[in-house]
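The numbers here are math on the coordinates, done by the rules we state, and not lab data. Keep in mind the model is a prediction, meaning the values are calculated, not measured. Backbone-built Cβ (ideal geometry, glycine too); neighbour counts: all protein chains shown.
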Amino acid sequence: MAITLPELPFASNALEPYISANTLSFHHGKHHNAYVTNLNKLIEGTPFAGQDLEEIVKTSKEGIFNNAAQVYNHTFYWHCMKKGGGGKPTGKIAAKIDEAFGSFDKFVEEFKAAGATQFGSGWAWLVLDQGKLKITKTANADTPLAHGQKPLLTVDVWEHAYYLDFQNRRPDYLTAFVDHLINWDFVNSNL
């Protein structure tokens, strides 16, 4: 069973002016696609070839893991955004955020700090860890799935996610993500 590059869950220009169609062309069409292509080459003829993506992430090591986790992380990330998203959440996640962090503003502060302070390439996450909300960050291809955590929300802080639109202003990208892009419906569906 080959791993395929998923379609974006929105039009390539839907996230403008915050994330441009040009950025998505490179990020989805080149970076994400390269992970899919590399993963398929690495798993061909191995027991991983018959597994689904999450199982490959949970059971593989090194080269296969890096590519599988990046396919998973990117696919998850696309669903974390939508046109007209961002702002305060509604539904179950709103109450859980208030319970875990004291307020939405405190959550935003901690989530953006996790993304801004991730040294080099990686991800900031909102996860369920043993039933409790937690903000975490992972380097490179690492993913909460590998640590027994359930991902709810992620933001990609590899430079290719924001550099064409924000250059070296990662905090501005994180603010745009939180204020204008988060797909809280998707986050709620992950609960």
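If R0 is 30 Å, what FRET efficiency do you get for F104 and H31 from their C-beta distance, rounded to 0.05?
0.45
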Angle between the chain longest axis and helix 62-79 axis [Cα atoms, degrees, rounded to 10]
40 degrees
For the chain, take the longest principal axis of its alpha carbons; what is the angle in degrees between that and the long axis of helix 92-101, to the nearest 10 within 0 to 90?
70 degrees
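With a ≥ b ≥ c taken as the square roots of the eigenvalues of the C-alpha gyration tensor of the stretch 55-191, please select rounded if a/c is under 1.5 and otherwise prolate if a/b is larger than b/c or oblate if it is not?
It comes out oblate by the Cα gyration axes.
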Say each of D185 and Y163 gets a label point 7 Å from the Cα, pointing the same way as Cα to Cβ; how far apart are those two points in nm?
3.4 nm
Would you kindly state the longest site-free stretch of the chain, with sites defined as GluC sites (Glu not before Pro) in a DSSP loop (not H, G, I, E, B) surrounded by at most 10 other Cβ atoms within 10 Å?
45-191
Segment A139-L5, extension gain: residue separation times 0.36 nm, minus the distance between their alpha carbons
46.0 nm
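Fewest Cβ neighbours within 10 Å first, please rank D156, D129, D105 accordingly.
With the sparsest Cβ surroundings first, the list reads D105, D129, D156.
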For the chain, what is the charge dipole size about the Cα centre, in debye to the nearest 20, if Lys and Arg each add +1 at the Cβ and Asp and Glu each add -1 at the Cβ?
160 debye
Enumerate the calculated ³J(HN,Hα) couplings along the stretch 175-191 in order (Karplus 6.51 cos²θ - 1.76 cosθ + 1.60, θ = phi - 60°), each rounded to whole Hz, writing x wherever the residue is Gly or Pro.
5, 4, 4, 5, 6, 10, 10, 4, 8, 5, 4, 5, 4, 4, 5, 7, 6
Between N13 and K41, what length in nm is gained on full extension when 0.36 nm per residue of separation is reduced by their alpha carbon distance?
7.0 nm
List the lysines whose alpha-carbon lies under 26 Å from that of K92, not counting same-chain residues fewer than 8 positions away?
K82, K83, K106, K112, K132, K134, K137, K150
